[in-house]
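Presented below is the structure to which this report refers.
A short reminder: the numbers here are calculations on the coordinates, not readings from a lab. No experiment lies behind these values; they were computed from the predicted model shown. In this analysis, Cβ positions are derived from the backbone assuming ideal geometry, glycine residues included, and neighbour counts consider all displayed protein chains.
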Amino acid sequence: MLYIVPTPIGNLADMTFRAVAVLKEVDLILAEDTRTSGVLLKHYEISKPLQSYHQHNEHQVTERLVAQLQEGKSMALLTDAGTPGISDPAFFIIRACIKADIRVECLPGATALIPALVNSGLPSDSFCFEGFLPLKKGRHTLLSALANENRTIILYESPMRLVKTLHQLMEYFGEDRPCCVSRELTKKFEENARGTLKEVHDHFKQKTVKGEIVVVIAGKEYMH
């Protein structure tokens with residue numbers, strides 16, 4: 001059995017009882033960053049073998065891990081924060097397990113995009129999640145398409161690229177498109193900056209940006 005276990009996106013108290021129980025039961029924990037996961041596991045007094053599993057080694061180690069699962073081992077997959085597979089490694093090993101007829105179970109839990117969407121005050125009945133925008137190739141094509149998207153749009157972004165991305169979004173979507181930028185969700189300094197793309201751009205341009213970032217933008221239809 002492979003368990004996909006979401007972990008808190010900031011506040012350690014957001015770990016579910018079931019997630020803690022599963023991590024205490026499995027034979028092996030796969031972690032995107034063993035140091036980050038180590039802090040969480042220590043907090044919940046979980047002492048299990050840890051193995052690194054991330055986008056740079058998943059192709060090399062997946063076959064061996066699947067073989068161990070077939071022999072009867074149980075494993076849990078963690079990423080640094082949130083639900084594995086959402087802009088984080090997981091797809092590759094899940095696909096391999098399904099192909100090998102190994103049971104996969106994904107626990108419900110923390111993910112940054114849902115609280116950011118609900119908190120934005122923008123329509124949440126239908127939305128489009130794009131994760132991180134391409135850095136170069138395909139960026140123009142995607143932004144051009146998203147400019148005409150009627151559903152609410154959700155993006156992830158890094159602190160150092162946020163202002164530049166907001167400026168670019170203004171060029172494609174127009175300065176007056178409503179948006180909300182959420183950062184440090186569930187943490188002490190959580191911030192939800194709401195307004196037009198220009199207002200939010202100008203707000204973050206004047207400060208040093210830190211933390212995980214979620215950008216929520218109104219769909220084109222919202223403007224009419």
>> Would you calculate the convex hull of the Cα atoms in the range 152-224 and tell me its volume per residue in Å³?
In response: 77 Å³
> What does the helix-only formula give at 222 nm for the chain: each DSSP H stretch with n ≥ 4 adding -39500 (n - 2.57), the total divided by the residues, and the result rounded to the nearest 500 deg cm²/dmol?
Replying inline: -10000 deg cm²/dmol
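Where the only charges are on Cβ atoms (+1 Lys, Arg; -1 Asp, Glu), what is the dipole of the chain about its Cα centre, to the nearest 20 debye?
Details: 26 positive and 27 negative charges, 76 e Å.
For this selection, approximately 360 debye.
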> What list of ³J(HN,Hα) couplings, whole Hz, do you get for the range 20-25 from phi and the Karplus terms 6.51, -1.76, 1.60, once you set θ to phi - 60° and write x for glycine and proline?
Replying inline: 4, 4, 5, 5, 7, 9
> How far is helix 162-173 tilted off the main Cα axis of the chain, in degrees rounded to 10, range 0 to 90?
Replying inline: 60 degrees
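Can you give the local net charge around residue 25? Use residues other than it whose beta-carbon is closer than 15 angstrom to its beta-carbon, Lys and Arg +1, Asp and Glu -1. Mind dumping the intermediate values first?
On the way: positive: 18, 24, 48, 73, 103; negative: 27, 45, 105.
Every neighbour counted, the sum reads +2.
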> Can you run phi through the Karplus equation (6.51, -1.76, 1.60; θ = phi - 60°) for the range 84-90 and list ³J(HN,Hα) in whole Hz, with x for Gly and Pro?
Replying inline: x, x, 9, 6, 8, x, 3
> Residue farthest toward the positive end of the dipole of the chain, with Cβ of Lys/Arg at +1 and Asp/Glu at -1: which of 111, 66, 38?
Replying inline: 38
> Which whole-number percentage describes the relative contact order of the range 113-223, with Cα contacts under 8 Å and a sequence gap of 6 or more?
Replying inline: 35 percent
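Around residue 15, what is the net charge, scoring Lys/Arg as +1 and Asp/Glu as -1 over all other residues with Cβ under 13 Å from its Cβ? All intermediate terms of the calculation are to be shown ahead of the outcome.
Numbers: positive: 18, 24, 42; negative: 14, 45.
Charge balance in the 13 Å sphere: +1.
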> Distance in nm between label sites at residue 172 and residue 136, each 7 Å beyond Cα in the beta-carbon direction?
Replying inline: 1.7 nm
>> For q values of 0.10 Å⁻¹, compute log₁₀ I(q)/I(0) with the Debye formula on a Cα-only model of the range 96-224, without solvent.
In response: -0.34
>> Can you give me the C-alpha center-to-center distance between the range 146-222 and the range 1-74, rounded to a whole angstrom?
In response: 32 Å
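For Cα pairs less than 8 Å apart in space and 6+ apart in sequence, what is the mean separation divided by the residue count of the range 2-106, i.e. the relative contact order in percent?
Values: 162 pairs, mean separation 43.8, N = 105.
It rounds to 42 percent for the range 2-106.
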> residue 206 to residue 147: FRET efficiency via 1/(1 + (r/R0)^6), r the Cβ-Cβ distance, R0 25 Å, to the nearest 0.05?
Replying inline: 0.45
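Going by C-beta contacts inside 10 Å, put 118, 200 in order with the fewest on the left. Please list the in-between numbers first.
Working: 118 11, 200 23.
So the residues, fewest neighbours to most, are 118, 200.
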>> From the phi angles alone, apply the Karplus equation (6.51, -1.76, 1.60; θ = phi - 60°) to the range 123-138 and give each ³J(HN,Hα) in whole Hz, x where the residue is Gly or Pro.
In response: x, 10, 6, 8, 8, 10, 9, 10, x, 7, 5, x, 6, 9, 4, x
> Roughly how compact is the chain, stated as its Cα Rg over 2.2 N^0.38 Å to two decimals?
Replying inline: 1.11
>> Let me check against my output: what whole-number percent is the relative contact order of the chain, with C-alpha pairs under 8 Å and at least 6 apart?
In response: 21 percent
> How many percent of DSSP beta bridges within the range 2-106 run antiparallel, rounded to 5?
Replying inline: 5 percent
> Given q = 0.10, 0.20 Å⁻¹, what are the Debye log10 I(q)/I(0) values for the range 2-106, with equal point scatterers placed on the Cα positions and solvent ignored?
Replying inline: -0.24, -0.99
>> Among DSSP bridges having both ends in the chain, what percentage is antiparallel? Round to the nearest 5.
In response: 50 percent
